[in-house]
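Note sheet for the following structure.
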Amino acid sequence: MTHILRIDASARQAGSVTRDLLDRIEARLGGQVTRRDVGAAPLPLLTADWVDANFTPKDQRNSDQRQALALSDALVAEVQAADTLLIALPIYNFSVPASLKAWIDLIARAWQNLRANPSVRRPMQRRRWRVCLSAIPLDRFRYI
């Protein structure tokens, strides 16, 4: 069975175009779905403690450092478990919402799942479907 990780980043619950479109895509794909709604439940921003813990080798981390990375570890595990990533990306002020950027910061872990050497594969780089759906209400903007 396909395992989908769905990320919603819209601050709006009702009337969200990206939520509606992702609902339709999800219904067509079927499968087990894990939902992470960073728009409704924003994630914390990175801190100095998080950065220090991330750059400490895993076998040398103390309990405070492991705690600082606990949420990040859980988010990375969600991505690794998914066969398909669905990301609903609304555009506010011509940019990515801060809530989605916080999620990206927490899953993009140097030395764990990002690589400096292209010949080394990392766990999050396995083949999977990725769908990033973006929407911007063009009818609300005037072009000069």
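Name the residue that is farthest from ARG19 (Cα to Cα), counting only residues in region 29-71 that are open to solvent by 50 Å² or more (accessible area, probe 1.4 Å) and of a type in the set (Gly, Ala, Ser). So that I can check it myself, show each step before the final result.
So in region 29-71, the residues open to solvent by 50 Å² or more (accessible area, probe 1.4 Å) come out as 29, 32, 35-36, 40-42, 44-49, 51-52, 55, 57-60, 62-64, 66-67, 71.
Checking which are of a type in the set (Gly, Ala, Ser) leaves us with 40-41, 48, 63.
Values: ALA40: 12, ALA41: 15, ALA48: 33, SER63: 38 Å.
Taking the candidates together, the pick is SER63.
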Every residue from region 50-88 that is under 25 Å from ILE7 (Cα atoms) and not in a helix (DSSP H, G or I):
LEU69, ALA82, ASP83, THR84, LEU85, LEU86, ILE87, ALA88
Hits in region 99-137 - residues which are open to solvent by 30 Å² or more (accessible area, probe 1.4 Å), modelled with pLDDT of 85 or more and within 21 Å of LEU21 (Cα to Cα)
LYS101
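Quickly run through region 65-92 and pick out the residues that are among the polar types (S, T, N, Q) and free of Cβ contacts under 8 Å to residues at least 12 places away in the same chain.
So in region 65-92, the residues among the polar types (S, T, N, Q) come out as 65, 67, 72, 80, 84.
Matches in region 65-92: GLN67 only.
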Could you count how many residues in region 88-98 are touching a strand residue (DSSP E or B) at 6+ places or on another chain (Cβ under 9 Å) and at pLDDT below 90?
5
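Those residues that are under 17 Å from ILE104 (Cα atoms) and in a strand (DSSP E or B), I need them from region 5-33; list them, please.
Going through region 5-33, the residues under 17 Å from ILE104 (Cα atoms) turn out to be 5-11.
Answer for region 5-33, where residues must be under 17 Å from ILE104 (Cα atoms) and in a strand (DSSP E or B): LEU5, ARG6, ILE7, ASP8.
State the number of residues belonging to region 14-34 that are within 18 Å of the chain's Cα centre (by Cα) and closer than 16 Å to LEU89 by Cβ. Let's see the steps before the verdict.
In the first step, residues of region 14-34 are kept if they are within 18 Å of the chain's Cα centre (by Cα); the result is 18-19, 21-23, 25-26, 32-34.
If we keep only those that are closer than 16 Å to LEU89 by Cβ too, we end up with 18-19, 21-23, 25-26.
So the count comes out to 7.
The values are calculated or read from the model by the stated rules, or taken from the named source; none is laboratory data. Remember, it's a predicted structure, so these values are computed and weren't measured experimentally. When we count neighbours, we look across all protein chains shown, and the Cβ atoms used for this are built from the backbone with ideal geometry, even at glycine. Just so you know, the surface numbers come from the protein's heavy atoms only, side chains and all, with ligands and any DNA or RNA stripped out. Shrake-Rupley method; radii C 1.70, N 1.55, O 1.52, S 1.80 Å.
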